[in-house]
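To start, the structure itself, in structure tokens.
Throughout, read-outs are computed from the coordinates displayed, never taken from laboratory work. Just so it is clear, the structure is predicted and the values come from calculations on it, not from any experiment.
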Amino acid sequence: QALRQISQRTISTASRRLVNRVSENQKLFQEDNGLPVHLKGGAKDSLLYRTTAGLMLFGSVYTVYFLLVSSMPKKPN
């Protein structure tokens with residue numbers, strides 16, 4: 001019985017009451033405000049998008065640079 005009480009107490013205290021915000025998010029993402037869906041989350045989404053685009057641009061430029069350097073023959077000393 002003691003073990004059952006401990007397990008029930010642990011389960012009851014571990015479960016939290018979560019607020020269902022699905023309808024709020026649906027209203028936000030279905031609103032017709034001219035923004036693409038990946039930017040409707042606000043400033044955090046915009047920052048994440050710009051960071052990802054910047055990293056992709058940097059990676060592309062570095063790849064082209066590395067390919068150009070690799071394709072040049074080494075000069076003998």
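Our compactness index for the stretch 36-77, the C-alpha radius of gyration over the empirical 2.2 N^0.38 Å, is 1.94. Bridging of residue 44 to lysines at a Cα separation below 24 Å is possible for 27, once same-chain residues fewer than 8 apart are set aside.
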